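Report on the structure given below.
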């Protein structure tokens, strides 16, 4: 029994940060219809900026709590700025092209950001472990967990709720939803779609980077991080249905639990399991779990 | 499509390019070999893309062909270059025959993601399999040709170059003939609207599957070339960034001309090796900027530099309207 509980708790911890990444990816896809390969790079960017912020705070012997807050604030600022810059400065030029071409544009951005992070932070792994001890260790069902890991779960749920609330219960959110459903109609109703695009992309970038920042204390930050994360989050949004917030949550849970289960039961299958889940879902629901079928032109 | 060119003229062109290898400096020779091999796999992507589906997992067949050839070479001492290419093509084709019909019913981004997922599963399996050298891979011997072995590295390079150019040339000619055939035109029709194709009594899934198998055959043969050129194989062959590069070449080329695929592939290799030489730490950055520049300034690919489009029907924008239904 305890064993299953371990798997569930580990799965939830995994799912919590995966959900934040996938949420950003699915939001960007919903609004801009772009599957953003560079999303993983934004995650890595968040992790790197977080590590720098934490190290700088620690060097000034500030308490870890201050470092944690400084990390989140600096990541939020930099990621939204980079997101806005990417959308307004680059992606804007490619709207209206084939979706595969847009996919390649983000692939190019991924390549550029990959080397840019290497140029700034070097190729050696860096660490930002100070905030990891922030919440001590907790005993839960006879097992010890690092408090930081468990705190990620409510943080992730709060972010998910904030996005859901923002989309469904605020005027701005309603406008974003309108653009997701029918862009042409929104334009004719006077919505400034360009602004919605910029806003949505910046939010997506912010979510990716925040997820990077939150996981930064848990991992060693090194090149290759972005490509691992993008592969995982692709699987999640495809499982959930591209562009769906609920889908991202369920997908993240499934992937998190599947990963945790395989780590405990069959470590060598860790990579397969995610794709097995994805393939299994797609066999029965070719458009993902939460995708509504839409009319098409014959 | 290059409507004017006669197949015989193309054969002459291939022969001329092969003979050119005699006068090219050595470093260009190995570069051109890789470029020809990459052009072959990217040509497969172009063939498949004519049905409106882009595979982001050609690395699966590339690695599948490569590993098959490497295992057979090490187990039975089969080192003949032509035989290796044929084995690679067969292995790729068999894999494509299994996978193609399964994923033919997906379209658009889901098709791309599924192919990517499958190739990553394969990558994961290769990394974990210690019998195949895990993430380090393993080495194979020097290839021979019809019983001749080449001790002089320059001769060996030329042999590989010649086989690669001739194979890719044959594939290019076959693709041109395919594009002009009834089947090739039906493939284009699937991209425009697969339901209408079904109404005409053709099976869209079947058309996609056949194109998929062709692409897989090209990818398997290309994997055999990459193996022979490097004399080493590792799971990186199946990694998604490898597949991404092939899609990159296909988009760079555009769907105007088969020859554009070769030019695009060569351009990529030149950019890669020059930036490796002068900017060793930032070649990905250069590659990314190059890709962005091409997409921005040559929206119809390199082929649009010399092929003027007569028909306005093949607009890529049409594809976006029908991503909604399975």
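Within region B:259-302, the set of residues being part of a helix (DSSP H, G or I) and on the phi > 0 side of the Ramachandran plot is empty. When A:85, A:143, A:138, A:77 are checked against the criterion of being more than 7 Å from chain B (Cβ to nearest Cβ), surrounded by fewer than 16 Cβ atoms within 10 Å (Cβ to Cβ) and touching a strand residue (DSSP E or B) at 6+ places or on another chain (Cβ under 8 Å), a single residue qualifies: A:138.
The residues on offer are B:125, B:131, B:151, and the sole one that is at pLDDT below 85, over 25 Å from the mean Cα position of the chain (by Cα) and within 14 Å of another protein chain (Cβ to nearest Cβ) is B:131.
Output the number of residues of region B:160-190 satisfying the condition of being more than 20 Å from residue B:11 (Cβ to Cβ) and over 20 Å from the mean Cα position of the chain (by Cα).
6
Looking only at residues in region A:106-124 that are without any contact (Cβ under 8 Å) to a residue 24 or more places away in the chain and in contact with a helix residue (DSSP H, G or I) (Cβ under 7 Å, 6 or more places away or on another chain), which one is surrounded by the most Cβ atoms within 10 Å (Cβ to Cβ)? Lay out the reasoning, then the answer.
In the first step, residues of region A:106-124 are kept if they are without any contact (Cβ under 8 Å) to a residue 24 or more places away in the chain; the result is A:108, A:111-112, A:115-116, A:119, A:122.
Of the ones still in play, those that are also in contact with a helix residue (DSSP H, G or I) (Cβ under 7 Å, 6 or more places away or on another chain) are A:108, A:111-112, A:115-116.
Numbers: A:108: 25, A:111: 28, A:112: 22, A:115: 19, A:116: 17.
Across region A:106-124, the extreme among qualifying residues is A:111.
For region A:182-190, state whether one or more residues are farther than 23 Å from residue A:15 by Cβ and in contact (Cβ under 8 Å) with a residue 24 or more places away in the chain. No, every residue in region A:182-190 fails to be farther than 23 Å from residue A:15 by Cβ and in contact (Cβ under 8 Å) with a residue 24 or more places away in the chain.
The residue that is surrounded by the fewest Cβ atoms within 10 Å (Cβ to Cβ), among those in region B:281-308 that are more than 11 Å from chain A (Cβ to nearest Cβ) and either closer than 18 Å to residue A:91 by Cα or out of contact with any helix residue (DSSP H, G or I) (no Cβ under 9 Å at 6 or more places or on another chain) (or both), is B:308. Here A:229, A:255, A:238 are screened, and the one residue that is at the interface with chain B (Cβ under 10 Å from one of its Cβ atoms) and buried (at least 23 other Cβ atoms within 10 Å of the Cβ) is A:238. The residues listed here are A:60, A:97, A:88; of these, the one that is modelled with pLDDT of 90 or more and over 24 Å from residue A:223 (Cα atoms) is A:88. Does residue A:282 count as farther than 27 Å from residue A:135 by Cα, touching a helix residue (DSSP H, G or I) at 6+ places or on another chain (Cβ under 6 Å) and either assigned to a loop (DSSP other than H, G, I, E, B) or at pLDDT below 80 (or both)? Judged against the criteria, residue A:282 is not a match.
The single condition from (1) within 18 Å of residue A:71 (Cα to Cα); (2) within 14 Å of chain B (Cβ to nearest Cβ); (3) touching a helix residue (DSSP H, G or I) at 6+ places or on another chain (Cβ under 7 Å) that residue A:183 fails is (1). When residues in region A:163-214 are screened for being under 21 Å from residue A:81 (Cα atoms) and in a helix (DSSP H, G or I), 27 of them pass.
Out of all the residues in region B:228-258, which are under 14 Å from the mean Cα position of the chain (by Cα) and closer than 19 Å to residue B:163 by Cα? Selection gives B:258 alone.
Among the residues of region B:117-133, those that are farther than 17 Å from residue B:75 by Cβ and touching a residue at least 24 places away in the same chain (Cβ under 8 Å) comprise B:117, B:118, B:119, B:120, B:122, B:123, B:126, B:127. The criterion of being part of a loop (DSSP other than H, G, I, E, B) and either within 14 Å of chain B (Cβ to nearest Cβ) or surrounded by fewer than 20 Cβ atoms within 10 Å (Cβ to Cβ) (or both) does not hold for residue A:270. Quick one: would you say residue B:52 is in a loop (DSSP other than H, G, I, E, B), at the interface with another protein chain (Cβ under 10 Å from one of its Cβ atoms), under 21 Å from the mean Cα position of the chain (by Cα) and touching a residue at least 60 places away in the same chain (Cβ under 8 Å)? Yes. Tell me, which residue of region B:99-110 that is farther than 20 Å from residue A:272 by Cβ and facing chain A (nearest Cβ under 10 Å) is farthest from the chain's Cα centre (by Cα)? For region B:99-110, the residue satisfying everything is B:105.
The values are calculated or read from the model by the stated rules, or taken from the named source; none is laboratory data. As the structure is a prediction and not an experimental result, all values here were calculated from the model. Positions of Cβ are backbone-derived with ideal geometry, glycine not excepted, and every protein chain shown enters the neighbour counts.
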